Amino acid sequence: MTEPLLSAHNIYVSLGGRDVLQDVSLALHPGEIVSLIGPNGAGKTTLLRTLLGLQAAHRGHVSRAPSLRLGYVPQKLNIDPLLPLTVQSFLQLWPGASASHIEGCLDITGAKHLATRPLQKLSGGEYQRVLLARALLNAPNLLVLDEPAQALDVHGQASLYELIGALARSTGCGVLVVSHDLHIVMRQTTRVICLHQHICCQGHPAEVERDPAYAALFGADAKAFALYQHHHDHHHG
Amino acid sequence: MPKPLPFTNITTIITMDNIPAFLLNALMGGSLLALLTGPLGCLLVWRKMAFFGDALAHAALLGVALALFLQLPVTFAVMGIGAVFAIVLLALQRSDLANDTLLGILSPTALSLGIIAINLLPGVRVDLTGYLFGDILAISHADILTLAIGVAVALLILARFWTQLLAVTVARDLAVVDGYPVARLELLLLLLTAMVIAAGVQMVGVLLITALLIIPAATARAFVHTPAQMALAASGISLVAVMGGLACSYVWDIPTSPAIVAAAASLFTISRLINRS
């Protein structure tokens, strides 16, 4: 197996006296599409933040391959309404972004028409496409997304996941996505990780849904995974 | 025959040739300060740090006490204390207290300790009002020279790091992942804030300096489309507030710093009305 791009080695994180992550180890390899699931407060976002270097681990460490190029899509930005910022000038804050590169990335995520719109006036779906375009500026080989579909309706969720899947396919970039829904993971998912302070179980979606640890964690909620499917009920221009 | 209003006389009498020296100095000092309060005020507003600026300004009084005690230049002592206080504040923000509670405790405490320290100084009778509300009319040529150098340096630093400071302000997490030196940039911003407060304390006073940072920035928003435009517009609005406040203060013989703040608040009100229509 190839060397992992990003890996966590026995990390422990406690926040406000509560142990959020306990002895978590995982490795993300090039091209893998990993869905991270777990109940509320399971430490999914904390794990992501620790992997990204936004949160320090109290024990253990995170290692990055020299070839790692990260693209991070946060849950939501909290931008002051008094800050006049268009989509374009937001993307220009990425170090060394050229106008044509920005336009290209916005085009890929279908957000080119939003370039001159104020960031604070975007809808949930538009926002996610802009954040995704910003993540693409770095030409990432690992995309990290924190509940990207949280603020979207079912149709919006499906088309966003379809877009992420298409990006992964065309660029070969790996994906680590926190899923806000226990039962719905990206169709292309190669590995599901169940987190509840520690990693309860992981593997291919078909294996995990038969895993007793998955059933124990989610009880009656532990159903088979549904996969996001793109419904071709409309024409792409 | 009714007596003519006093200000009609004064406005016709004062020209650039015979403007009183103290008024000219105040105008130059205030204008230099306005250049800096524009962009820094915007950054503070965007980062939701208005109260942080306030606490920092209140702590400046401790710097004044230190300067008087050790016979140091006030500006540098205030800057030094401001920088130390800012770093302590940042460290405390990691605690479990809500941010506004923390600032609500530290801000009046710093002010009170400053007043106590100044009163305890042996053998000095200090005009406290001058530091609380500033005394822009007492500014000297030497002060203006120091101020001009300080403002020039600060503006150069701001221009050089503007995009990076903006990136950290817009989305700190993204800036960390992008590899910006976030901790250093935040420290830089604190030092610049301490600097503008130190520069402004003598002129506008510890109680009112944040008004000159926050109000013009909030006013500028109605007229601009980019962050850089807003920074420039805020400086312009600061400048108009300083000039308007000085003029009102001179004509009606009212305290200068409150007149400047009132002028800024009037501009803010007008901007809201324009924006609504």
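Coordinate-derived values only; no laboratory data. None of these values were measured; they are calculated from a predicted model. Backbone-built Cβ (ideal geometry, glycine too); neighbour counts: all protein chains shown.
Using a Gaussian network for chain B with springs between C-alpha atoms less than 10 Å apart, which of these wobbles most: B:Trp46, B:Trp252, B:Trp162?
Its mean-square fluctuation being the largest, the pick is B:Trp252.
For a quick check, take a GNM of chain A with Cα springs below 10 Å and name the residue from A:Leu106, A:Leu142, A:Leu122 with the largest mean-square fluctuation.
Among A:Leu106, A:Leu142, A:Leu122, the largest GNM mean-square fluctuation belongs to A:Leu122.
Can you give the calculated 222 nm mean residue ellipticity of chain A, where each DSSP H run of n ≥ 4 adds -39,500 (n - 2.57) and the sum is split over every residue, rounded to the nearest 500 deg cm²/dmol? Walk me through the intermediate numbers first.
Values: 7 runs with 66 residues, N = 237.
Per the formula, -8000 deg cm²/dmol.
Using only Cα atoms, locate the centre of the range A:145-194 and the centre of the range A:59-81, then give the distance between them in Å, rounded to an integer.
Computed from Cα coordinates, the inter-centre distance equals 17 Å.
Along the range A:21-32, what does the Karplus equation 6.51 cos²θ - 1.76 cosθ + 1.60 (θ = phi - 60°) give for ³J(HN,Hα), rounded to whole Hz, x for Gly and Pro?
With coefficients 6.51, -1.76 and 1.60, one gets 10, 10, 6, 9, 10, 7, 10, 10, 9, x, x, 6 Hz.
Can you compute the radius of gyration and Dmax for the protein assembly as shown, using only the Cα atoms, both in Å?
28.0, 102
Using a basic spin-label model with each label point 7 Å from the Cα along Cα→Cβ, how many nm lie between B:Ala265 and A:Ala206?
7.2 nm
Starting from the amide H of B:Met49, placed 1.01 Å from N in the peptide plane, find each other amide H under 5 Å away whose residue is 5 or more places distant or on another chain.
For B:Met49, whose amide H was placed from the backbone, there are no distant partners under 5 Å.
Nearest 5 percent is fine: what portion of the DSSP beta bridges confined to chain A is antiparallel? Show your work: numbers first, answer last.
Working: 18 of 37 bridges.
Approximately 50 percent, going by the DSSP bridge assignments.
Mind checking which of B:Ser238, B:Gln164, B:Leu192 is farthest towards the positive end of the range B:142-270's charge dipole, using Cβ charges of +1 (Lys, Arg) and -1 (Asp, Glu) about the Cα centre?
So the residue furthest toward the plus end is B:Gln164.
What size of dipole, in debye to the nearest 20, comes out for chain A about its Cα centre when the only charges are +1 on Lys and Arg C-beta atoms and -1 on Asp and Glu C-beta atoms? Numbers along the way, then the final one.
Working: 17 positive and 18 negative charges, 86 e Å.
In total the dipole reaches around 420 debye.
Only Cα pairs under 8 Å and at least 6 apart count here; give the relative contact order of chain A as a rounded whole percent. Can you show the working numbers first?
Numbers: 439 pairs, mean separation 58.6, N = 237.
Reported relative contact order: 25 percent.
For the range A:78-121, just the Cα atoms, rotate onto the principal axes and tell me the three extents in Å, largest first.
Computed over the Cα atoms, the extents are 28, 22, 15 Å.
Report, in debye and to the nearest 20, how large the dipole of chain B comes out about its Cα centre when Lys and Arg carry +1 and Asp and Glu carry -1 on their Cβ.
Values: 11 positive and 11 negative charges, 83 e Å.
In debye, rounded to 20, chain B gives about 400.
When the dipole is taken about the Cα centre of the protein assembly as shown, and only Lys, Arg (+1) and Asp, Glu (-1) are charged at their Cβ, what size is it in debye, to the nearest 20? Show your work: numbers first, answer last.
Details: 28 positive and 29 negative charges, 68 e Å.
Its charge dipole is roughly 320 debye.
Would you kindly give the portion of the calculated P(r) for the range B:173-277 that falls above 21 Å, as a percent of all Cα pairs? Mind dumping the intermediate values first?
On the way: 2490 of 5460 pairs.
Within the range B:173-277, distances greater than 21 Å cover 46 percent of Cα pairs.
Can you grab the distance from the C-alpha centre of the range B:89-113 to the C-alpha centre of the range B:235-277, Å, no decimals?
One Cα centre to the other: 30 Å.
Collect residues whose amide H, placed 1.01 Å from N in the peptide plane, falls under 5 Å from the amide H of A:Tyr72; neighbours closer than 5 in sequence don't count.
A:Val144
If I histogram all Cα-Cα distances within chain A using bins 5 Å wide from 0, what percent of pairs lands in each bin?
Using 5 Å bins, I get a P(r) of 1, 6, 14, 17, 19, 17, 13, 8, 4, 1, 0 for chain A.
Assuming 0.36 nm per residue, please report the length gained on full extension of the stretch B:Val224 to B:Ile105 beyond their Cα-Cα distance. Don't jump to the answer; show the numbers that get you there.
Numbers: separation 119, 0.36 × 119 = 42.84 nm, distance 3.55 nm.
Additional length available on full extension: 39.3 nm.
Among A:His113, A:Ala168, A:Gln202, which residue has its Cα furthest toward the positive end of the charge dipole of the range A:79-204, with +1 on Lys/Arg Cβ and -1 on Asp/Glu Cβ?
A:Ala168
Using only Cα atoms and rounding to the nearest 10 degrees, what angle (0 to 90) does helix B:227-252 make with the longest principal axis of chain B?
Computed tilt is about 30 degrees.
Give me a single rounded figure for A:70-81: the average over its residues of other chain Cβ atoms within 10 Å of their Cβ. Walk me through the intermediate numbers first.
Details: counts 3, 1, 6, 1, 4, 1, 0, 5, 4, 4, 7, 2.
Average neighbour count from other chains, rounded to a whole number: 3.
Starting from the 7 Å offset along Cα-to-Cβ, what nm value, one decimal, do you get for the label separation of A:Thr116 and A:Asn10?
With each label point 7 Å from Cα toward Cβ, the separation is 5.8 nm.
Among A:Lys121/B:Lys48; A:Lys76/A:Lys121; A:Lys76/B:Lys48; A:Lys112/B:Lys48, which pairs are too far apart, with a Cα-Cα distance over 23 Å? All intermediate terms of the calculation are to be shown ahead of the outcome.
On the way: A:Lys121/B:Lys48 19 Å; A:Lys76/A:Lys121 13 Å; A:Lys76/B:Lys48 17 Å; A:Lys112/B:Lys48 30 Å.
Pairs exceeding 23 Å: A:Lys112/B:Lys48.
Quickly estimate the mean residue ellipticity at 222 nm for chain B, helices only: each DSSP H run with n ≥ 4 gives -39500 (n - 2.57), and the total goes over all residues, rounded to 500.
Working: 12 runs with 221 residues, N = 277.
Calculated mean residue ellipticity at 222 nm is -27000 deg cm²/dmol.
Can you tell which of A:Ala57, A:Ala133, A:Ala27 shows the greatest fluctuation in a Gaussian network model of chain A with Cα springs below 10 Å?
Of A:Ala57, A:Ala133, A:Ala27, the most mobile in the Gaussian network model is A:Ala27.
Rule-of-thumb check for chain B: C-alpha Rg over 2.2 N^0.38 Å?
Details: Rg = 19.3 Å, N = 277, 2.2 N^0.38 = 18.6 Å.
Here the Cα radius of gyration is 1.04 times the empirical estimate.
Using Cα pairs closer than 8 Å and at least 6 residues apart in sequence, work out the relative contact order for the range A:7-145, in percent.
Numbers: 187 pairs, mean separation 37.9, N = 139.
The normalised contact order for the range A:7-145 reaches 27 percent.
When you take every Cα atom in the range B:40-103, what is the radius of gyration, and what is Dmax, the widest Cα pair distance, in Å?
Calculated on Cα positions, Rg and Dmax stand at 13.0, 39 Å.
Taking the dipole about the Cα centre of the range A:1-94, with the C-beta of Lys and Arg at +1 and of Asp and Glu at -1, give me whichever of A:Leu77, A:Gly43, A:Trp94 is farthest to the positive side.
Positive-end residue among those listed: A:Leu77.
Using Cα pairs under 8 angstrom and six or more residues apart, how large is the relative contact order of chain B, in percent? If you can, show how the numbers build up before the last one.
Values: 377 pairs, mean separation 87.5, N = 277.
Relative contact order comes out at 32 percent.
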